[in-house]
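The values are calculated or read from the model by the stated rules, or taken from the named source; none is laboratory data. Being a predicted model, the structure only gives us computed values, none of them experimental. Cβ coordinates were reconstructed from backbone atoms using ideal geometry, including for glycine residues, and neighbour counts include every protein chain displayed. For accessibility, only protein heavy atoms count, side chains too; no ligands or nucleic acids. Shrake-Rupley method; radii C 1.70, N 1.55, O 1.52, S 1.80 Å.
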Amino acid sequence: MSSIKEKFNQISPSEFFYSNRDLAGFSNPTRSLYTAVREFVENALDACDQKGILPDVHLTIKAVEPEKPDPKPYILTVKDNGPGIDAEHIPLAFGTVLYGSKFGLKQARGMFGLGATMAILYGQITTNKPVIVKSSVDGEIQNQFEILLDIQKNKPVIVKHTTKEISKKGLSVSICLEGDYSKAGNKIRDYVYETSLITPYASITFDDPKGQKFTHTRFVKDIPPPPTIIKPHPHGIDVERIRRMIVESQFEIPTIDDAMIEKVRKDLGLSLKNLSFTSIMDKAKKKWKTLSRQVRVVIALMSFLKMDFEKLNKIKIEDLDIANKKLFYWDFGDSQSKSVDMDPESQYYKQLTNTVQGEPLTTFLTKRFQRIGPTTAVKFAEFAKFKPERRMGTLSNQELVQLSDSLQKFEDFMAPDSSCLAPLGEEPLEKGIKKFFNPDFTAVVQRPASAYSGFPFIIEMGIAYGGEIKSGGPHVYRYANRIPLLYDEGSDVVLKVVNDTDWGRYKVKGDPPFIIVSHICSTRIPYKTAGKENVADRQEIERELRLGLQFLSRKLAAYMSKRGQADMAKKRANLYAKYIPLIAEFCTELAGKKKEPNYKKILEENAVESKKSVEEEKEIENK
Amino acid sequence: MKTSKKEQTRIKERSKKADEKQKNILEMLKSHGATIYDDLDNGQFPKFSIPSRSVSNIVYDKKLRQYILGNNAAVRSSRNSAQLRSFTQLMWLAFFANRLTHEKKSSTLRDVYYSSQAFAIEFEDQSESDNIIVDLEAVTSKPREDFHIFPEERSSIFGDLNIEYTIPGYEGKTMNLSNHPDGYSIGPSLTTAELVDTSAEIVIAIEKGGLFTRFVEEQIDKKFKSIIINTGGQAPRSTRTLLKRLHEEMKLPVIVLTDGDVYGEHIAMVIKSGSANAAHLRELTVPDAKWVGVWATDIEKYKLPTIPMTESDIKRCYDLQKDPRYQDGIWKKELDVFLRLKRKAELEAFSKYGLTNITDKYLPQKLELAKSL
């Protein structure tokens, strides 16, 4: 009995994110400052990666009023040496939500460049200051924008735009936002530190608000091969995605307007001549092979309408009813809908039906998915109980669901193409671990590519023991697509796998000084939350992590037992050195002798033995 | 004090005998030391074998009527880092025993534990050092007393027995063991003394100090021409050595009087045939010793006040039933009765019928009975 009329308004993406900002990691000043740093640094690294540029990233955080207590406004600036962004795209890229260049299917740190916009939005909400973007794509001219977001309209408002001459390419983004550095500082420093471990080819500097400078210089000169953009794998598909792909693949009946007619005339070489309907058809028949698909469709329509260009100009095609073989059109002259029958025997009939009904299933599969060849496509059609030549445009909703389900279930598809992935590689990973931890022992492994739900992934792992690593291990460093994951580690799949491991079995005991680095690369990391901090335990990923860790643990165990043997030999030598002289002393008196026996021989022999095994251990390490 | 010529020769002979025993011990230690010295000098890790004292290597010898060690032996090597420490400890102990024997000084088990600390030989606790002492006994087949190492526990002796000391400073001194009514404690000087003569015809070993005092008061030594020994529970080795010597050197029969329970029965058995713990030694048993009471059958016969057995008492009964020495005779019979009664009686239980009931009535009956056992 309510008289209140509910209002339904469409909200803009900006508004949506504004009201749900905690989803994206902007829940409080501490977390927001950290998330903003992440988003900008990751965008900078992604931009450089894509163009194969060795990244130089400079991060600066400055308090607007240093004396004020936290939380307070900070100016966050991230500058890179990447390709920059064309001036014309800048307002849209930084002033709208869901505008990005990252929609292809390949591994990247961020998905749509969405986080950066969120950071800008958050900055604007908390300080009402515009984002300042400086970009140079040619290393000569730099465009500088000050942009505000119109949240309701999801549109950029350019406050200021200037240009100046410059000598370096690259992008610099600067925002003012409310943050709490006293609380977020640790995480941000950890983030920068851990990022430089997984991005050894980047130089990253960080000037913090307290005047401290953290510099991480690149120690690998080769950038890993960039990932390629690929088609989707059939296992990673859903009904909605198929529907969209069909729309993309379907040939529309061209709108027959003046421009279209002009084009048909031109292609037939009849620009200036007005021929009768039959003459046009004759001409078309002769030129058929040279005609484009669009033109052919128009000719086919004309063949059933039996109209010349002049008449054609006065109608509008309404519908092609393939089932009843009827062609409906609107006659402007009579202002009514008319129809003509189509002769299925006509050569033009097929042209039209093909156009409306789209590609055959097998073509659709081979052309639009990765890992499907003609043979597999036919096999699949049989499995899914579809005719191979079935036109995609004729599938009912129910059949689409059936197709989608079968695509998931069919097991003969090859594993997803992993060329869209960009793992770091064993060598740089090992180099990084050695440089960062200076351990006694290091082992790394890159597992072969695998897939979950059609998304390819690769696990890279490293393990290191001793040296400068602090005790209390295993300390786990988690990465996903070259992003360090610092929060919410409790519920992460990597932690689960590590905690499930019985380290005693690998001769790791007590309070061991050891670390584990895990890097999951995928076109889609199954994060548990939008904050991108912990990875869900997908069975396939868990399995690969387990295999990787087992491999490394066995290597560690081999090292530990060598180390244990060396320790034992040393211990034994020490024991001999302690007790043999005592035995000598006692037996000398017992035997009633004056001079002690020459027991040095025994001790020397053993010292040599224990030294030998220490050397062996070193050799093994070097291998 | 004047001594006759004959006496002097006798003393000389005696001290010669003691010297010889000491010489043998020293020789043996020396030869062990020399072997190890030579090994070291040749650049080899010294080692020796120790008879295994594990349960599987302890067997009952029916002929000897005691537990002995079987043929299993373990090699203890200084090359083995796990054994190096105990090897060194044993070497030290031999070295220490050598000094004790040389200087004719005695040492308690606890002394050994502390003395070790002067030589950077760490024993974690006394039980570790006690264990090493048993090792030395096993290697040499000699009781620790031969190396002048004694336990603290003391039992006492009273009766007409003349002894002559052999320990330094007392050589030739004599003593009659009925001079002091509290008895004499059985320590190193007594166990090493010569047993000169006695008027006694029997040795009565009694489990409890209280009864020992009663027996002295009641002049059991005179009434029954006996030497009374208080074992203070399970008889210490020095006491068992002395019992053996009284039996063998003075030809005295030994009877044992204990509480009427399974532990008492076993105290008598240990005096008679030793304990599994000392299976590596053979000088500690009096196979002819007789247990005269308090038997389980006595509890009923003399209508003694009883207390119920505890669970551990009953378990002990079942354990002993498996012991080969409890398979026949009164040992088996009494054990079965204990199990049937599930009750026990102490020696003091006789006090119900008057303080002297045990000495006036019970003891004479038992002494009479012992002759026929």
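Any residue that is part of a loop (DSSP other than H, G, I, E, B) and modelled with pLDDT of 90 or more - is there at least one of those in the stretch A:19-38?
There is no residue in the stretch A:19-38 that is part of a loop (DSSP other than H, G, I, E, B) and modelled with pLDDT of 90 or more.
Condition first: in a loop (DSSP other than H, G, I, E, B) and not hydrophobic (A, V, I, L, M, F, W, C). Now tell me which residues in the stretch A:142-156 satisfy that.
Residues satisfying the conditions are A:GLN152, A:LYS153, A:ASN154.
Any chance the stretch B:292-308 includes a residue that's assigned to a loop (DSSP other than H, G, I, E, B) and within 21 Å of B:PRO253 (Cβ to Cβ)?
Yes, the stretch B:292-308 contains at least one residue that is assigned to a loop (DSSP other than H, G, I, E, B) and within 21 Å of B:PRO253 (Cβ to Cβ).
When only residues in the stretch B:101-135 that are crowded, with 20+ Cβ neighbours inside 10 Å and within 14 Å of A:PHE586 (Cβ to Cβ) count, which is farthest from the chain's Cα centre (by Cα)?
B:ILE121
Which of the numbered conditions does A:PHE586 fail, given that it passes all the others? Conditions: (1) open to solvent by 10 Å² or more (accessible area, probe 1.4 Å); (2) free of Cβ contacts under 8 Å to residues at least 24 places away in the same chain.
Every listed condition holds for A:PHE586 apart from (1).
The conditions are (1) open to solvent by less than 70 Å² (accessible area, probe 1.4 Å); (2) touching a Pro at 6+ places or on another chain (Cβ under 7 Å), and A:ILE158 fails exactly one of them. Which is it?
(1)
Only residues that are buried (at least 22 other Cβ atoms within 10 Å of the Cβ) and at pLDDT 90 or above: list them for the stretch A:41-69, please.
A:VAL41, A:PRO55, A:VAL57, A:LEU59, A:ILE61
Going through A:MET302, A:MET307 one at a time, which residue ends up being at pLDDT 85 or above, open to solvent by less than 20 Å² (accessible area, probe 1.4 Å), hydrophobic (A, V, I, L, M, F, W, C) and assigned to a loop (DSSP other than H, G, I, E, B)?
Among A:MET302, A:MET307, only A:MET307 is at pLDDT 85 or above, open to solvent by less than 20 Å² (accessible area, probe 1.4 Å), hydrophobic (A, V, I, L, M, F, W, C) and assigned to a loop (DSSP other than H, G, I, E, B).
For B:ASP130, state whether it is farther than 24 Å from B:ALA279 by Cα and away from every other protein chain (no Cβ under 14 Å).
No; evaluated as a whole, the condition is false for this residue.
When the residues of the stretch A:590-605 are narrowed to those that are open to solvent by less than 70 Å² (accessible area, probe 1.4 Å) and in a helix (DSSP H, G or I), which ends up nearest to the other protein chains (Cβ to nearest Cβ)?
It comes out as A:LEU590.
Here is a check on your reading of the model: is B:LEU40 facing another protein chain (nearest Cβ under 8 Å) and either aliphatic (A, V, I, L, M) or over 25 Å from B:ALA276 (Cβ atoms) (or both)?
Yes; evaluated as a whole, the condition is true for this residue.
Looking at the stretch A:560-589 only, could you name the residues that are at the interface with chain B (Cβ under 10 Å from one of its Cβ atoms) and of a type in the set (A, V, I, L, M, F, W, C)?
A:MET568, A:ALA569, A:ALA573, A:LEU575, A:ILE580, A:LEU582, A:ILE583, A:ALA584, A:PHE586, A:CYS587
Out of the residues in the stretch A:551-584 that are touching a helix residue (DSSP H, G or I) at 6+ places or on another chain (Cβ under 6 Å) and of a type in the set (Phe, Trp, Tyr), which is modelled with the highest pLDDT?
Among residues in the stretch A:551-584 that are touching a helix residue (DSSP H, G or I) at 6+ places or on another chain (Cβ under 6 Å) and of a type in the set (Phe, Trp, Tyr), the one modelled with the highest pLDDT is A:TYR579.
Go through the stretch B:139-225 and tell me which strands (runs of 3 or more DSSP E), entirely inside it, have 1 or more residues that are among the acidic types (Asp, Glu).
B:161-164, B:194-198
Of the numbered conditions (1) hydroxyl-bearing (Ser, Thr, Tyr); (2) open to solvent by 70 Å² or more (accessible area, probe 1.4 Å); (3) assigned to a helix (DSSP H, G or I), A:THR215 satisfies every one except a single condition; which is it?
Condition not satisfied by A:THR215: (3).
Looking only at the stretch B:67-83, decide whether some residue is within 14 Å of another protein chain (Cβ to nearest Cβ), closer than 30 Å to B:GLU152 by Cβ and either assigned to a helix (DSSP H, G or I) or of a type in the set (A, V, I, L, M) (or both).
The answer is yes, given that some residue of the stretch B:67-83 is within 14 Å of another protein chain (Cβ to nearest Cβ), closer than 30 Å to B:GLU152 by Cβ and either assigned to a helix (DSSP H, G or I) or of a type in the set (A, V, I, L, M) (or both).
Of the residues B:ASP336, B:ASP298, which is over 26 Å from the mean Cα position of the chain (by Cα), within 19 Å of B:LYS371 (Cα to Cα), modelled with pLDDT of 90 or more and of a type outside the set (Val, Ile, Thr)?
On inspection, the qualifying residue turns out to be B:ASP298.
Only strands (runs of 3 or more DSSP E) wholly contained in the stretch A:386-499 count here; list those with 2 or more residues that are out of contact with any Lys or Arg (no Cβ under 7 Å at 6 or more places or on another chain) and farther than 30 Å from A:GLY564 by Cα.
The strands (runs of 3 or more DSSP E) meeting that bar are A:450-452, A:455-465, A:475-480.
Take the conditions closer than 21 Å to A:ASP190 by Cα, touching a Ser or Thr at 6+ places or on another chain (Cβ under 6 Å) and open to solvent by less than 50 Å² (accessible area, probe 1.4 Å) and apply them to A:PRO484. Does it pass?
yes
What single numbered condition from (1) out of contact with any Leu (no Cβ under 9 Å at 6 or more places or on another chain); (2) modelled with pLDDT of 90 or more fails to hold for B:GLY159?
Only one criterion in (1) out of contact with any Leu (no Cβ under 9 Å at 6 or more places or on another chain); (2) modelled with pLDDT of 90 or more is unmet by B:GLY159, namely (1).
Only one of (1) more than 8 Å from chain A (Cβ to nearest Cβ); (2) part of a helix (DSSP H, G or I); (3) open to solvent by less than 20 Å² (accessible area, probe 1.4 Å) is not met by B:ILE50, so which one is it?
(2)
Is it the case that some residue within the stretch A:338-349 is open to solvent by less than 60 Å² (accessible area, probe 1.4 Å), more than 24 Å from A:LEU400 (Cα to Cα) and among the polar types (S, T, N, Q)?
yes
Quick check: is even one residue across the stretch B:145-163 within 13 Å of another protein chain (Cβ to nearest Cβ) and either open to solvent by 30 Å² or more (accessible area, probe 1.4 Å) or of a type outside the set (D, E, K, R) (or both)?
yes
Considering every residue within the stretch B:89-98, establish whether at least one is within 13 Å of chain A (Cβ to nearest Cβ), modelled with pLDDT of 85 or more and in contact with a Pro (Cβ under 6 Å, 6 or more places away or on another chain).
no
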